[in-house]
Amino acid sequence: MAEQKKSKLGLIREIGLLGSIALLVGNVIGSGIFVTVGPLMGGVGPGIVISYVIAAIAVIFVCLYNTQLGTVLPVTMADYVGTSRVLSPFAGWFAAWSAICLWVLVLGILGYVFPLLLQVIIPGIPMLPVSFGIIILFGLINYFGIKAATRVQLLMTGLFVVLPLLVFIFGGWPHMQADLHYPLFPLGTKGVLLIAVPCIWSYVGFTSITTWGGELKNPRRNIPLTLVICLVLITALYILVAWVLSGVMPWQEAAKSGAAVAEASMTFLPHWLGVFILWGALFAVMTSINTTMITGSRCVLAVSRDNILPTFFSRLNRFHSPATGLLLVVVIGLIGVSLGFSIVGYSVLIVMFMMVIHLVVSTGVFFLPRRMPALYGKSPIKFNSFWRWFTWIGMIVVSILCLIFGMQESWIIAPFLFGGLALGVVYWFARRGYLRRRGIVLEEGMKELTPEAKAELEGG
């Protein structure tokens, strides 16, 4: 009976450490290393490895504040829940809306890239129908619950994402030409910082771990472990792949390619292994679509529990999956694909919205010990005053610098960023006014955790 009650209130903890690592690795790697490394190399040359290192340093702050958040508040969409209760309901919605804008763009670039890669294997396939089809497919997979989505993720990440990258690294290392690495910065050193901004997109998925925190077994242990393991593994893969690519293919050629890693592998590996790496790129896109469906639907679930979105979006089906929320995320993905931005344009805008989220959520995390002392006391990891200030100030500085550098990438960045954020503000006041006319004060219901969040905490 207790299990039945818990199932009705909250999501079930079905993800273990290995599943959590697979979800995060698959989500973060995505198409980034297979697809965007080539076009990004066009802005800096072989020195892109330094841009990846700078991006990794920025992500350390993300991991630090998510460690605090995930161990104090291991519930579904902890970043939204924590921010809305610690700072204000509006701040929580602002972060959640920024995430929704982010997922429009993430699913947009993934849906755009998938048929682009598939065309190399099957020339002439129609772009838009394939883009729509792959997004709908993973919406259906997630309909059957987190356990099914995690099993699919484990298979795809291990055999068809990480393994192809290792084949590329070890296969290409003996074939590198030293002269292709020099000069390291053929376009000057300014490009290193500018390209570090879209490189951060390659690490964007690290925040997703607190999104599914309500479905993770032993979250206060597994969230920090997952973050550390994945940061080391993913950073090593990015740096090694970028270094090998720039050593086997001139950076000017890589810049013109939409599948530079796969194309380069064809020059030094047997044809069938080159095709295997190309399929790795396809599966990497699919792993990111899969986890974006998970994170997006959990965001919709959390905000609808608070009645910001209509409450029917919080319904769970018999597989304990937020089916109506999934449907909304699928629609969001189809809109994102239809925007038709360039790869770099998508990636810079994604980073811009991500930085807005970091600014708001990291501030909420900084005040967690003061506003939620009872929950903070249960956390096995407690940062002292220095580390809390270090994490918060570091995240603020990184976010502001990324926003400044990102605005310089294209004139379209600022209108899309501020226009998208403005829509969220308009929706908040419209929804609040609508509910007030019906005698409901939106903020009143957000002073405490929802019953569902409390049930998830009891199970964590």
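The values are calculated or read from the model by the stated rules, or taken from the named source; none is laboratory data. Only a predicted model underlies this, so the values are computations on that prediction, with no experimental measurement involved. Counting neighbours? That spans all protein chains shown, and the Cβs are built from the backbone with ideal geometry, glycine included.
So the values come out like this:
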| quantity | calculated |
| --- | --- |
| Residue 291 vs. criteria surrounded by 20 or more Cβ atoms within 10 Å (Cβ to Cβ) and modelled with pLDDT of 90 or more | yes |
| Condition met for residue 219 (within 12 Å of residue 20 (Cα to Cα) and buried (at least 16 other Cβ atoms within 10 Å of the Cβ)) | yes |
| From 197, 162, 167, residue being within 27 Å of residue 233 (Cβ to Cβ), within 31 Å of the chain's Cα centre (by Cα) and modelled with pLDDT under 90 | 197 |
| Any hit, the stretch 393-416, residues being more than 24 Å from the chain's Cα centre (by Cα) and touching a residue at least 40 places away in the same chain (Cβ under 8 Å) | no |
| The listed residue being loosely packed, with under 14 Cβ neighbours inside 10 Å, in contact with a helix residue (DSSP H, G or I) (Cβ under 8 Å, 6 or more places away or on another chain) and either farther than 19 Å from residue 359 by Cα or not charged (D, E, K, R) (or both), out of 444, 452, 458 | 458 |
| Residue ID - nearest to residue 170 (Cα to Cα), chosen from residues in the stretch 240-256 that are part of a helix (DSSP H, G or I), of a type outside the set (Gly, Ala, Ser) and more than 25 Å from the chain's Cα centre (by Cα) | 244 |
| For residue 302: the one exception among (1) touching a strand residue (DSSP E or B) at 6+ places or on another chain (Cβ under 9 Å); (2) within 18 Å of residue 158 (Cα to Cα) | (2) |
| Boolean, residue 410 is under 30 Å from residue 193 (Cβ atoms) and crowded, with 20+ Cβ neighbours inside 10 Å | no |
| Which numbered condition residue 184 fails, given (1) aliphatic (A, V, I, L, M); (2) surrounded by fewer than 20 Cβ atoms within 10 Å (Cβ to Cβ); (3) farther than 29 Å from residue 57 by Cα | (3) |
| Selection within the stretch 384-415 - over 17 Å from residue 201 (Cα atoms) and not aliphatic (A, V, I, L, M) | 384, 385, 386, 387, 388, 389, 390, 391, 392, 394, 411, 415 |
| Residue check, residue 16 among the small types (Gly, Ala, Ser), more than 20 Å from the chain's Cα centre (by Cα) and modelled with pLDDT of 90 or more | no |
| The stretch 19-47, subset more than 21 Å from the chain's Cα centre (by Cα) and part of a helix (DSSP H, G or I), residue nearest to residue 296 (Cα to Cα) | 41 |
| Selection status of residue 376, among the hydroxyl-bearing types (Ser, Thr, Tyr) and over 25 Å from residue 70 (Cβ atoms) | no |
| Scope the stretch 299-326; condition assigned to a loop (DSSP other than H, G, I, E, B) and of a type outside the set (A, V, I, L, M, F, W, C); matching residues | 306, 307, 310, 315, 317, 318, 320, 321, 322 |
| Exclusive hit being buried (at least 19 other Cβ atoms within 10 Å of the Cβ) and without any contact (Cβ under 8 Å) to a residue 40 or more places away in the chain, set 274, 280 | 274 |
